[in-house]
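See below for the structure under consideration.
The values are calculated or read from the model by the stated rules, or taken from the named source; none is laboratory data. Quick caveat, the model's predicted, so the values are computed rather than measured. In case anyone asks, the SASA skips ligands and DNA or RNA and just uses the protein heavy atoms, side chains included. Shrake-Rupley method; radii C 1.70, N 1.55, O 1.52, S 1.80 Å.
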Amino acid sequence: MRAMSQKPAGTLNVEYWQERLTAVCTGYVLVPAQRRRVDALRKVLVSLSQPQGDPSSGRKRTTNRLWAKAA
């Protein structure tokens, strides 16, 4: 996912995945576990959208920790 944040528009970048998550949430009824996973993915995408070294982002969290929390 980190590599995707560097790709230009028109590729499978962060914006694409944000749109896909929105489509899943609006097009399907999700069970609570699925909703938590989508929320965890959104948090990862938001963190990737922030510039590297942004002091407002605080401590960096790994994808594994987000997935563990969502499960």
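Considering every residue within the stretch 47-56, establish whether at least one is assigned to a helix (DSSP H, G or I), modelled with pLDDT under 80, open to solvent by 90 Å² or more (accessible area, probe 1.4 Å) and of a type in the set (S, T, N, Q). Within the stretch 47-56, one or more residues are assigned to a helix (DSSP H, G or I), modelled with pLDDT under 80, open to solvent by 90 Å² or more (accessible area, probe 1.4 Å) and of a type in the set (S, T, N, Q).
Here are some residues: T11, T63. Which one is within 11 Å of the chain's Cα centre (by Cα) and either at pLDDT below 95 or open to solvent by less than 50 Å² (accessible area, probe 1.4 Å) (or both)?
On the way: T11 fails: within 11 Å of the chain's Cα centre (by Cα).
Just one listed residue meets the conditions, T63.
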